[in-house]
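One structure is given below, encoded as structure tokens.
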Amino acid sequence: MHRPVDLARAHGLSAQAIRNYERAGVIPPARRTESGYRIYTDDHVSALSAYIGLLPGYGYEAAGTIMRAVLRGDLDAALAAIGAAHVQLQRDRETLARVASAAHALTSRKTDKHLSVGTLAHQLGVTPATLRKWEHAGILAPAREQGARVYSPDDVRDAELAHLLRRGGYRLDHIATVIEQVRAAGGPGPLAASIEQWRERITARGRAMLTGAARLSGHLDRA
């Protein structure tokens, strides 16, 4: 038998966090003593270890979905959530590959095209409002002709880079920094560094998924 504080200490958590996890349904409900105190068993220890193990790779939402499905005996739903997370990770890898292969061309090519906001938005598959949001974030700085935005070849390049990096999960402030570095350096070096950091994060997430899945498998073996 274990107290909430016993489970909490094993993971550097508070006893309240354990009660919150129970309330959220990611560990089984505890038995109560006659005086109302919670009592946890080794099954709770195992479930908590599985949930904590899932968090780094799958995140709170998916980890919660997985554990709640497991605890209600719906293994198919749990495996579906795991599969969806791995599909997303593979999509991220594919996006990274596209960005990496396009990076040098995007940062070095020059054209003589000047585009309107509508044309550039259509070319990227975004809305004009998105381009204005990027402008507000300091990513784009188009000129004005009779009050209308006009995007130079460098602006188009920056917009393409921003689009690729957003698909990779980068925040606007980080993208603004990368593009400013690209402009200042006159080459793809800063983008290459960002791509490498992105690759490292994807690799770390993939390894964390393996660890989480192993802990979950250990918990399932107890059933």
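Observations on the structure shown:
- Tensor-based shape of the chain (alpha-carbon gyration tensor, a/c under 1.5 rounded, otherwise prolate or oblate): prolate
- Rounded tilt (10° steps) of 75-108 against the dominant C-alpha axis of the chain: 20 degrees
- Translational diffusion of the range 1-87, estimated by Stokes-Einstein from the Kirkwood radius over alpha carbon pairs at 20 °C in a medium of 1.002 mPa s, is 161 µm² per second.
- Placing a pseudo-label 7 Å from each Cα along the Cα-to-Cβ vector at N20 and S152 gives an inter-label distance of 5.0 nm.
- The range 121-166: radius of gyration over Cα atoms, expressed as a fraction of 2.2 N^0.38 Å: 1.05
- For the chain, the longest principal axis of the Cα atoms and the long axis of helix 15-24 meet at an angle of about 80 degrees.
- Value of relative contact order over the chain, rounded to a whole percent, pairs C-alpha under 8 Å and six or more apart: 24 percent
- Here is how the number arises for the chain: DSSP H runs of 4 or more residues each give -39500 (n - 2.57), the sum is divided by the residue count, and the result at 222 nm is -24500 deg cm²/dmol.
- Among 140-146, 157-163, the peptide with the highest mean count of other Cβ atoms within 10 Å heads the list, and the full ranking is 157-163, 140-146.
- Apportionment of accessible area to carbon and sulfur, the chain, percent (1.4 Å): 53 percent
- Rounded to 10°, Cα long-axis angle of helix 42-71 versus longest principal axis of the chain: 10 degrees
The values are calculated or read from the model by the stated rules, or taken from the named source; none is laboratory data. Nothing here was measured: the structure is a model prediction, and the numbers come from that model. Glycine also receives a Cβ, built like all others from the backbone with ideal geometry; neighbour counts cover every protein chain displayed. In case anyone asks, the SASA skips ligands and DNA or RNA and just uses the protein heavy atoms, side chains included. Shrake-Rupley method; radii C 1.70, N 1.55, O 1.52, S 1.80 Å.
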